[in-house]
Amino acid sequence: MKHKIIMSRTYVTEFEIEADDDEQAKIKFKLLGDAVYQKEMEQCNVVGVTIIVESEDDGVRICSITGEQMVEGWVANDGEHYFKYEKDALAWCISQEYEDIQSAYNDDVIYWTEWETPNLINNL
């Protein structure tokens, strides 16, 4: 079975530019051209990484934390994250500033479910 792995990273790059006002700062920033990208790549302060695994088999999901196949578990942000284990779902909820899984569930951010699975997945 083939899986497509999609990894997106979020990072922040800061630039300090001497200028008299906002407009002058914007103009000077634009004049930096390719130097902007070089500085950006030097810093690359990754502040978040999301990995999404898309499986050919609709009955299988891949845990965002362990990489294990799962046929039941927690789904966060409409499939952006999957968690096989409650401890991982709880840790994610807390990282999203929720008190617990129930409070995230109440906000429709996470839920637990089971997926229909074909016979070939029985050896998880």
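Search the structure for amide H atoms under 5 Å from the amide H of Arg61, placed 1.01 Å from N in the peptide plane, and list their residues when 5 or more places away or on another chain.
Met70
Label-point separation (nm) for Glu23 and Glu80, each offset 7 Å from Cα along Cα-to-Cβ?
With each label point 7 Å from Cα toward Cβ, the separation is 3.7 nm.
Here, each number is a calculation from the coordinates, and none is a lab measurement. Source: prediction; values computed, not measured. Methodologically, a virtual Cβ is constructed for each residue, glycine included, from the backbone with ideal geometry; neighbour enumeration extends over all protein chains shown.
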